[in-house]
Each structure stands twice: as structure tokens, then as C-alpha cells.
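Here's the structure we're looking at; comments come further down.
The values are calculated or read from the model by the stated rules, or taken from the named source; none is laboratory data. As the structure is a computational prediction, the values presented were derived from the model and not from experiment. Glycine also receives a Cβ, built like all others from the backbone with ideal geometry; neighbour counts cover every protein chain displayed.
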Amino acid sequence: ASLQEKVATGKELVRPSDSPDLAVNISRIKASIDELDAYKNSLNAVNDRLTVEESYIGGAKDVLIKLKQLTLQGANGTMFGRDREVIAIEVDELISEMKNLANGTDAKGNFLFGGSRVLTMPYAEDAEGVIRYQGDNFRSNIDYTSYRQSSIGRNGLDVFKPVLSGGSTEPVAGVYEVKLGGTLEPLDTYTLMLGQTAFHYEVRPGDNTEKVLDRLAHQINEASLDGSVSGIEASVQDDTLKITALDGVARQIAVGTRNASDPTDDLFSSVEALEGSSSVVASLSGTMERGDAVSLKIGTRAITYQIKGDEGGLSPTNPAAVIAEVKKVTESSGLFTGAAGLSIDPEDPSKLLIEPLTSNLGRVEFQAVERTNINDQSATVELIEEPRPALPERVEFFESLQEISKVLRSGEQDLIQRKLDHLDQMLDIVTMSMADIGAEMGSIQDEISINEDLKLQLEATLSGQEDLDYASAITELQAKMMSLEAAQSSFAKISQLSVFDYIR
């Protein structure tokens, strides 16, 4: 652009093409200023709404104060029924006024305390005449800046909250089930943790899953009786330990196992020829434990017997009972039929006599194999029914208010005192709402002030980028005008000379 255009417009940049970089900077600054103006308009609108809310809630507080004064009058035991009726009628009128305040609207006719349902009356009577909330718990958000957002405004659940009735709900019992899996072995230990209280049981010979769980249940019930734990009941059914939290309080329950029984390494076997006979004697000695094994091999054929630990009906069992089972199982298998005959030594039942029935019986081997620990135990806890503790009961704001006139008419002093407690809670609720509004309005004013300061800075920056330096521009323009005038004067003088004047 020409210097004259700059002077005429007062702008350093007349057309973007004159300086694209400068044009971009100016555009960004103007956009930021416009954004701040939009935030200011939004903040002012919110401030106006909060002012209206404050007015309605302040009116609600005044009504509650009057209701408390009337209820205190009605608490006077010397009042007659007619006097209480007069007070109750005035209470009904104040409740109607409170309902109108709760259904307050803004300048556009939108309901203030209905949440997102701005066109639906928040509070209305149901079929039984009880005033119920028809709105939701929505709160709108406002952008203070491009990076800061806050919820504003209140709904009916914020301003007219339910109050504590003075009673409590019934607890819902929680049910936990404990199950065991795997192999039970003597000396294994099962530990059940109920919170910080531990219950232990060490498996004994002959125990089964139900027995272990029953002993744990017995310990828990004993602890409940002596006060070590409270609100707990335990029982066993179908190999399942059921722990019931009667008070509805959630419990941390854990169960674990520890395999503490090491095998006894004194199990021995031997094979020897019977003197004066072709028979062979296989014998066992030592401790017979569940999981130990005995292997009999004749020639290329072999059979292995796993010791159960209760052979012969004994617990623990002994070598003679195991030898008897080995003979029984081997004969039942038919593996050595026709090759060898088996019998128990009548003088020592811990010895098995093996008599060859063929000339090529082959080598006889009898081997005892010590067990290793069986580590397949498992224990699980499952929550079957979630507990819910007793909770304070609440009564809706307007439902409690409507009950005031009823109890005043009845003259029941304990109920009147309870309503006075409800009114104190209501006053606390609306007072806190007003305090929140005051804090929000103060925050909005602070944000408006910050935005104004930022806008002034941006406008100063924009002026430095966009406005023309008049003093410099005019000086430059005057210099150019003088140069132009001098050139024009010289041209005029030259144009008046003839060729002869020029030669001369």
C-alpha cells in the first residue's frame, strides 16, 4: 500500500498482501480478543443467573426460619387443639410459598432448579398430595477460559436435599462361600483370615474336606460367641463353608493352605531266596504312608500298588496290611497267573512268598518307592451375596415439611421435636447453598477482572502491530512531497527553453 493510504487509514497494514506475517499476527490477536469478549458475556450471564438463584434460596431460608418458629410454638405442651390448628394452617401456607420458590424461573421462563428439565415444573404433588421432585441432577458447565471449566447452577437435589429421618434401614446379610480342593494329608494346615483374625486347623488322619471346614466353622462361631468377632455366623453344607455377615458389613476373607508334612523316609523292601526252596520272599518294613508305592516285577512284567494309608482299616496302616493288599491286587490283575503263585508267610505277614510255577520265571524284583509331598491343595473364597450395612434413612425435603402440619395437629411432642431437627438440617442445607453461590459469584468476578486485564494487554499489542506511526509516516510523506515538487519545478523550467537557448 502507498504511504498516502497508510496515512489516510491510520493503519500500518492496509492490505494483507503487504505483509502476510504481520497480517497473521493481527488476525490471531483479534480472535483472542473476540474470545475474551465471548467469555465475558457468558460469565455475566452466569452471574445474573446466580443472582436470581440467590434471591430464591434466600427466600426459602426465610420461610424455613418462620416454619421453625411456628413449630417451636406448637411444641408447647400447654397449647390446645384449636391453637395448634391455627399454627398448622399457617404452616401449610408457608409450605405452599416454599413450593413456589422451588419452582422459580429465570428471565426466560426456564425453571431454575429442575436440572436439565428447564421446561418441567420441578416440584409437583403426586396422586397422594405429596410434593415430589420431577427434575434430574444435571448441572450445566461454563468455560471460564479455553482450558478452565466449572459447573454452575443448582438443581433441586442440591438445594432441597433429603434430610436424615432419625431411623435406619435394615442390613442385608452378606454370604461368602469357602471351598477346598486337592488332597488332604495329615499335618497340612488350613488358615482362614476373617479381617485381622486368623483361624487355623491342622489336618488329622482320617479327616475329610467336610471335617476340616466344620472345625473352621466351629472356631468362627466360638469367636463370635466370645466377642472376638461380631456379626458373623458360619455353617457347613455340601462340603462348603458358608460365612454369613449378619450385620451387612463387608468382610475381607482369605483362606490358604500349607503342606507341612514331609514324607518319612524309612520305608524299605527286600527280596531273598527262601532257604531250601525255589520260592522267593518279598518283604516290607518301615512307615506306610499315603502316596508311597510298592512295585513287584517278575521277568518282564510289573505291577505297582499305591499305598492309600488306611489298608486293613488301620490309620496309619502297617506293612502286613499293605502286603495283603499287594497280593490281592496282583492276583486280581491276573498278570502273573500260571507263572508264579503268591502267599503270605504265616509266621510273618509282612512277607510275601512268591513260588515259581515255570522253570523260566525270570528275575524277581520288589521295590518300595517313598512318596513326595502332594501339593495339589487349593482353597477358594467366593462372595455369593453382597452385604449392605444399615444406613441412615432419609426423608424427602418437601415430604418432611408436609408432615409438620400433621404432627402439629396431632400434638405428639416426640414427633414435633423430630421435625425441629429436620428443620435445622434444612436450614443448614440452604445456608450452604447460599455460601456456594457467594463463592461462585466471587470466582466469576475474579475471572472477569483477569479477562479484562488480558484484553487490555492484547489491545495494546494489537495497537503496536496494527496502528501507524503518524509522526514517522508524515515526515516521510513530507520528504517525498518536497522531492516531487523539486522534480516538477525542474521539469517546468527545462520545458520553457528553446533549442537555441540550450545551445547558448
task: Scan the range 392-408 and give yes if some residue there is surrounded by 13 or more Cβ atoms within 10 Å (Cβ to Cβ) and closer than 30 Å to A320 by Cβ, otherwise no.
output: no
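Can you name every residue in the range 105-137 that is of a type in the set (K, R) and either within 15 Å of L157 (Cα to Cα) or assigned to a strand (DSSP E or B) (or both)? Walk me through it before giving the result.
Just the residues of the range 105-137 that are of a type in the set (K, R), to begin with: 108, 117, 132.
If the condition is that a residue be of a type in the set (K, R) and either within 15 Å of L157 (Cα to Cα) or assigned to a strand (DSSP E or B) (or both), then R117, R132 are the ones that fit.
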query: Here is a list of conditions, (1) in contact with a strand residue (DSSP E or B) (Cβ under 6 Å, 6 or more places away or on another chain); (2) surrounded by 13 or more Cβ atoms within 10 Å (Cβ to Cβ); (3) not in a helix (DSSP H, G or I), and G167 meets all of them except one; can you say which number that is?
result: (2)
Residues located in the range 197-254, provided they are more than 15 Å from V178 (Cα to Cα) and touching a Gly at 6+ places or on another chain (Cβ under 9 Å): P205, S224, V229, G231, L246, D247, G248, V249, A250
task: Considering every residue within the range 466-481, establish whether at least one is at pLDDT below 85, closer than 30 Å to N41 by Cβ and outside the structural domain of I57 (by TED's automatic domain parsing).
output: yes
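Does S277 satisfy being exposed (fewer than 14 other Cβ atoms within 10 Å of the Cβ) and under 30 Å from L342 (Cα atoms)? Talk me through it step by step, then tell me what you get.
Working: exposed (fewer than 14 other Cβ atoms within 10 Å of the Cβ): yes; under 30 Å from L342 (Cα atoms): yes.
Yes.
Give me the strands (runs of 3 or more DSSP E) completely within the range 174-279, filtered to those with at least 1 residues that are in the same structural domain as L353 (by TED's automatic domain parsing), without any contact (Cβ under 8 Å) to a residue 40 or more places away in the chain and not hydroxyl-bearing (S, T, Y), ordered by residue number. Outline the logic, then answer.
Details: elements: 174-181, 189-194, 197-202, 232-237, 240-245, 253-258, 268-273.
Qualifying strands (runs of 3 or more DSSP E): 268-273.
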query: Do we have any residue at all in the range 88-99 that's closer than 29 Å to A390 by Cα and either outside the structural domain of K40 (by TED's automatic domain parsing) or among the aliphatic types (A, V, I, L, M) (or both)?
result: no
T372, sole failed condition from (1) more than 40 Å from the chain's Cα centre (by Cα); (2) at pLDDT 90 or above: (2)
message: Against the condition more than 29 Å from N451 (Cα to Cα) and outside any helix (DSSP H, G or I), how does L70 come out, does it pass?
response: no
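Residue check: is I57 surrounded by 18 or more Cβ atoms within 10 Å (Cβ to Cβ), within 28 Å of G129 (Cβ to Cβ), among the hydrophobic types (A, V, I, L, M, F, W, C) and touching a residue at least 40 places away in the same chain (Cβ under 8 Å)? Reasoning before the result, please.
Details: surrounded by 18 or more Cβ atoms within 10 Å (Cβ to Cβ): yes; within 28 Å of G129 (Cβ to Cβ): yes; among the hydrophobic types (A, V, I, L, M, F, W, C): yes; touching a residue at least 40 places away in the same chain (Cβ under 8 Å): yes.
Answer is yes for this residue.
Specify the residue that is nearest to A324 (Cα to Cα); the eligible residues are those in the range 245-265 that are β-branched (V, I, T), touching a Leu at 6+ places or on another chain (Cβ under 9 Å) and at pLDDT 85 or above. Even if it seems obvious, please write down each step before you answer.
First, the residues of the range 245-265 that are β-branched (V, I, T): 249, 253, 255, 257, 264.
Checking which are touching a Leu at 6+ places or on another chain (Cβ under 9 Å) leaves us with 253, 255, 257.
Next, from what is left, pick out any that are at pLDDT 85 or above: 253, 255.
Working: I253: 46, V255: 40 Å.
Per the stated criteria, the residue is V255.
If I filter the range 266-282 down to residues being of a type in the set (S, T, N, Q) and over 11 Å from V322 (Cβ atoms), which single residue comes out as modelled with the highest pLDDT? Give the derivation first.
Filtering the range 266-282 down to residues of a type in the set (S, T, N, Q) leaves 269-270, 277-279.
Those left that are additionally over 11 Å from V322 (Cβ atoms): 270, 277-279.
Values: S270: 81, S277: 76, S278: 80, S279: 84.
Among them, the one singled out is S279.
Could we say that N110 is exposed (fewer than 15 other Cβ atoms within 10 Å of the Cβ), under 25 Å from I448 (Cβ atoms) and under 40 Å from the mean Cα position of the chain (by Cα) here? Quick ask: steps written out before the conclusion?
Values: exposed (fewer than 15 other Cβ atoms within 10 Å of the Cβ): yes; under 25 Å from I448 (Cβ atoms): yes; under 40 Å from the mean Cα position of the chain (by Cα): yes.
In short, yes.
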message: Show the residue pairs meeting these rules: Cβ distance below 7 Å; 6+ apart or different chains; first residue within the range 313-336 and surrounded by fewer than 13 Cβ atoms within 10 Å (Cβ to Cβ); second residue outside any loop (DSSP other than H, G, I, E, B) and aliphatic (A, V, I, L, M).
response: S333/I303
